Structure formats: structure tokens, C-alpha cells
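Only one structure is covered here, and it is reproduced in the block below.
Quick note: the coordinates plus some simple rules give every number you see, no bench work behind them. Values in this document were obtained by computation on a predicted structure and should not be read as measured data. Note: ideal-geometry Cβ built from the backbone for every residue, glycine included; neighbour counts use all protein chains shown.
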């Protein structure tokens, strides 16, 4: 403790060491300063990964293959499944919302065949294409065809999941 010229007690405040560095070029230089109130700690920062997803590029903080496995849960809550189209979303929905459209996940979670999964995903793609066309008589006819196809897919899905789920098509 010290005192100011006016006689008020003052405390010594630790000074943080600030440095400027050029951007990291090597793994050794890729250490990042982590600041606390009194000390500077060094730690290695993860490198950002610029991946190439099937539908285009994206940023990922963790390189592919090193991300945490969140797809280990292959369960679908509830007793209802819906086939429903929503722009750029998968074709299957449960009581908690959209189900993943990954074929392996669908096989593990629902036990459905590869051919049914392929047909469901094909229907979804066809619905996406239809959505980006102007509404004409031809469009309405194609919509009706896709509705019939979705009804057939719902019947196939019901046959494959049996009594575990009640399947509906929601147009």
C-alpha cells in the first residue's frame, strides 16, 4: 500500500505485459497469449480448417475426423414419423423435429433399407427442384405426382418400421 499526494491509500496494480507479433507462420509460432488479470499464459491454439463439404466450402474449427462424435445417438423419440418437405431439409421428421438425412444414421436409427432411403432423398431433391419453378399448370401436375409418390413412400416406410412408428405424409 502506498499513498497519493492527497493522502489517500493506493494499491499497486499488476501490469499486464502486452506484445505485438506478426501472424503465426509455424507450429511453434502458433501459440496464443491467454490473458488473466496478472499473468500471461501460452497455449497452442487450434488451427482453423477450411473444408469442402459436398454442397460447397465451409469453415470448421476442428479438422474433419477430429470433431466430437455427436451422431452416436441413433434413436428417434416418440411413436410418429412424418414425411414432409421443407426447403433444403431432409424428408423425415419426428416429434422433436427434423431427423438427420444421413443414410447411415437413418439405417441405424430406423432400420430402413438403402433403397427406401435413396427414394426418400430423391423425392426431397425433386421437391426442392419443383419449389424453384414458377407455379403453372405443369407445376401443379408435377406437385400432384410428387404427392402421390410421397404417399407411396409413406406406405413403404410404414411397412419397414412396422408398429414402432405411425407414419404420415404431410403435404
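Given their separation in residues at 0.36 nm each and the Cα-Cα distance between them, residue 98 and residue 152 gain 17.4 nm when the chain is fully extended.
Place the peptides 139-151, 82-94 in order of packing, highest mean first, counting for every residue the other Cβ atoms within 10 Å and averaging per peptide. The partial results should precede the final answer.
Details: 139-151: 14.2, 82-94: 18.2.
So the peptides 139-151, 82-94, ranked by packing, come out 82-94, 139-151.
Give the shape of the stretch 76-121 as rounded, prolate or oblate, defined through the alpha-carbon gyration tensor: a ≥ b ≥ c are the square roots of its eigenvalues, a/c under 1.5 means rounded, and otherwise the shape is prolate if a/b is larger than b/c and oblate if not. Since a/c reaches 1.5 but b/c is at least a/b, the shape of the stretch 76-121 is classed as oblate.
Subtracting the Cα-Cα distance of residue 130 and residue 118 from 0.36 nm times their residue separation leaves 2.5 nm of extension gain. The order of 80, 132, going from fewest to most other C-beta atoms within 10 Å of their C-beta, is 132, 80.
Taking the DSSP beta bridges with both ends in the stretch 80-170, the antiparallel portion is around 45 percent.
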